[in-house]
Amino acid sequence: MHHPLNVYIGKVREYEGSRPSAIAKYQVDGELKLTELGLEGDQQAEKIIHGGPDRALCHYPREHYLHWAREFPEQAELFTAPAYGENLSTEGLTEKDVYIGDIFRWGEALIQVTQPRSPCFKLNYHFGISDMASLMQETGYCGWLYRVVMAGKVSTDSPLELVSRVSDVTVAEAIATAWHMPFDDEQYHRLLSAAGLSVSWTRTMQKRRLLGKIEDNSRRLIGK
């Protein structure tokens with residue numbers, strides 16, 4: 001199945017009252033170069049957290065914006081792509097449809113789903129909603145990230161095409177396992193078995209199994 005998409009890039013900017021961010025992206029058209037670290041001309045702030053090979057591209061389903069606009073009608077005009085800083089935007093492809101490890105062809109390139117996006121406190125600032133990151137995590141409307149398996153020329157006219165499915169764990173299930181369930185060693189083992197899982201999520205799930213407890217996510221979600 002082919003999925004038409006919109007593509008966005010942006011550069012790191014300073015924000016008074018918050019940390020630097022490249023969340024302010026703009027739509028691009030035509031041919032682009034995709035490297036192992038992302039789209040040429042795109043940037044990520046704090047690369048240890050937001051970038052790197054396992055997090056080269058961010059994908060957010062366009063249909064989620066309708067949900068957020070309904071939840072926050074006074075700020076409805078904010079909820080339009082690419083407000084969440086995504087690189088790729090589609091309709092008809094959500095966390096329930098996409099699996100950890102899925103490999104998509106995009107133009108000359110191949111990209112692989114590595115993990116759900118982990119919402120962070122910067123989103124609270126940019127939307128002016130104190131618990132936006134927590135709400136994203138609770139609803140599971142997080143989107144997902146890709147690594148670039150094969151770099152090359154891509155185009156906004158080229159759709160995403162699923163070419164390989166290598167695990168049985170959806171992005172939605174990964175989100176539920178990580179954030180919606182009590183401690184469950186069996187589910188952590190299942191997620192660890194998903195081919196293509198990012199190093200970051202592999203480390204987190206393995207640490208849970210070793211320590212026998214769930215980590216504290218409050219610093220990521222609220223910045224404290």
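The values are calculated or read from the model by the stated rules, or taken from the named source; none is laboratory data. Computed from a predicted structure; not experimentally measured. In this analysis, Cβ positions are derived from the backbone assuming ideal geometry, glycine residues included, and neighbour counts consider all displayed protein chains.
Data table
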{"item": "The stretch 41-67 residues that are modelled with pLDDT of 80 or more, paired with ones that are of a type in the set (A, V, I, L, M) and part of a helix (DSSP H, G or I) (beta carbon under 8 Å, 6 or more apart)", "result": "Asp54/Val199"}
{"item": "So Ala81, is it modelled with pLDDT of 95 or more, of a type in the set (A, V, I, L, M) and touching a strand residue (DSSP E or B) at 6+ places or on another chain (Cβ under 9 Å)", "result": "yes"}
{"item": "Residue in the stretch 146-156 that is among the aliphatic types (A, V, I, L, M) and within 20 Å of Glu63 (Cα to Cα) present", "result": "no"}
{"item": "Conditions (1) closer than 16 Å to Cys120 by Cβ; (2) at pLDDT 85 or above; (3) among the small types (Gly, Ala, Ser); number of the one not met by Gly30", "result": "(1)"}
{"item": "Whichever residue in the stretch 73-107 is part of a loop (DSSP other than H, G, I, E, B) and hydrophobic (A, V, I, L, M, F, W, C) and, among such residues, is nearest to Ala195 (Cα to Cα)", "result": "Ile100"}
{"item": "Criterion: in contact with a helix residue (DSSP H, G or I) (Cβ under 8 Å, 6 or more places away or on another chain) and modelled with pLDDT of 95 or more - qualifying residue of Val154, Val166, Val148", "result": "Val148"}
{"item": "Set Asp131, Asp157: member being closer than 22 Å to Ile222 by Cβ, more than 15 Å from the chain's Cα centre (by Cα) and charged (D, E, K, R)", "result": "Asp131"}
{"item": "Residues (touching a residue at least 24 places away in the same chain (Cβ under 8 Å) and outside any loop (DSSP other than H, G, I, E, B)) located in the stretch 1-25", "result": "His2, His3, Asn6, Val7, Tyr8, Ile9, Ser21"}
